[in-house]
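Asker: There's a structure below that I have some questions on.
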């Protein structure tokens with residue numbers, strides 16, 4: 001995609017976002033040149049779902065980019081991004097939280113994380129169940145800053161179902177925030193097809209790919 005459509009697309013999406021919502025441009029599979037174009041236009045938050053790809057891009061792109069890991073994580077891979085990642089959205093089980101906590105300690109830093117909650121009907125989507133989140137002990141992970149929740153709605157055209165699932169994440173967030181630190185204030189939900197609905201339901205962070213970069217190649 002040429003530079004102009006990319007920047008126009010970015011501005012179109014930005015125009016639909018309230019000031020309190022962070023736009024994570026999902027740059028997975030996209031070339032470095034596209035990220036550079038958006039960077040020059042002022043975008044700083046980028047989301048990747050593959051560890052190796054994110055590490056390669058981070059090595060050559062400006063160091064003030066905020067890299068968001070949004071894909072499913074194998075706990076043995078966290079060491080490859082623990083030194084530079086800005087936020088991990090997809091902490092979907094304690095094994096990953098443990099691995100991240102260890103890697104953060106090794107890198108002498110705290111890592112911002114979101115706990116991924118299972119809100120979709122598809123069993124293929126990962127995440128904690130509500131009871132597991134209620135039992136989660138943040139003090140067991142001193143090198144993680146638990147910043148909130150992430151959820152992925154069912155892949156469906158049924159807006160009322162998506163709305164219900166987003167509402168479920170919002171309700172869980174409201175019920176949990178007393179147990180977590182003051183940093184617990186982010187709800188990452190909503191993608192290209194449903195981010196406006198997600199914002200209505202309380203999202204503070206949207207993960208938008210195709211509406212900016214065009215359809216996946």
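Asker: Would you please list the contacts, defined by Cβ atoms under 6 Å and residues six or more apart or on different chains, that run from a residue in region 41-70 that is surrounded by fewer than 16 Cβ atoms within 10 Å (Cβ to Cβ) to a residue that is assigned to a helix (DSSP H, G or I)?
Answerer: Matching pairs, first to second residue: 41/7; 41/10.
Asker: Right, next: Grab the helices (runs of 4 or more DSSP H) fully contained in region 114-217, keeping just those with 2 or more residues being crowded, with 19+ Cβ neighbours inside 10 Å. Write out each step before concluding.
Answerer: Numbers: elements: 130-135, 159-176, 195-200, 210-213.
So the answer is 159-176, 195-200, 210-213.
Asker: Within region 31-40, how many residues turn out to be touching a helix residue (DSSP H, G or I) at 6+ places or on another chain (Cβ under 8 Å) and either under 25 Å from residue 187 (Cβ atoms) or without any contact (Cβ under 8 Å) to a residue 40 or more places away in the chain (or both)?
Answerer: Final tally of qualifying residues: 4.
Asker: Do you know which residues across region 119-137 are within 19 Å of the chain's Cα centre (by Cα), closer than 28 Å to residue 80 by Cα and touching a residue at least 24 places away in the same chain (Cβ under 8 Å)?
Answerer: 125, 126, 127, 128, 133
Asker: Any residue that is more than 21 Å from residue 188 (Cα to Cα), in contact (Cβ under 8 Å) with a residue 24 or more places away in the chain, touching a helix residue (DSSP H, G or I) at 6+ places or on another chain (Cβ under 8 Å) and buried (at least 21 other Cβ atoms within 10 Å of the Cβ) - is there at least one of those in region 9-24?
Answerer: no
Read-outs throughout are calculated quantities, based only on the coordinates presented, and are distinct from any laboratory measurement. Remember, it's a predicted structure, so these values are computed and weren't measured experimentally. No Cβ is skipped: glycine too gets one built from the backbone with ideal geometry, and neighbour counts run over all protein chains shown.
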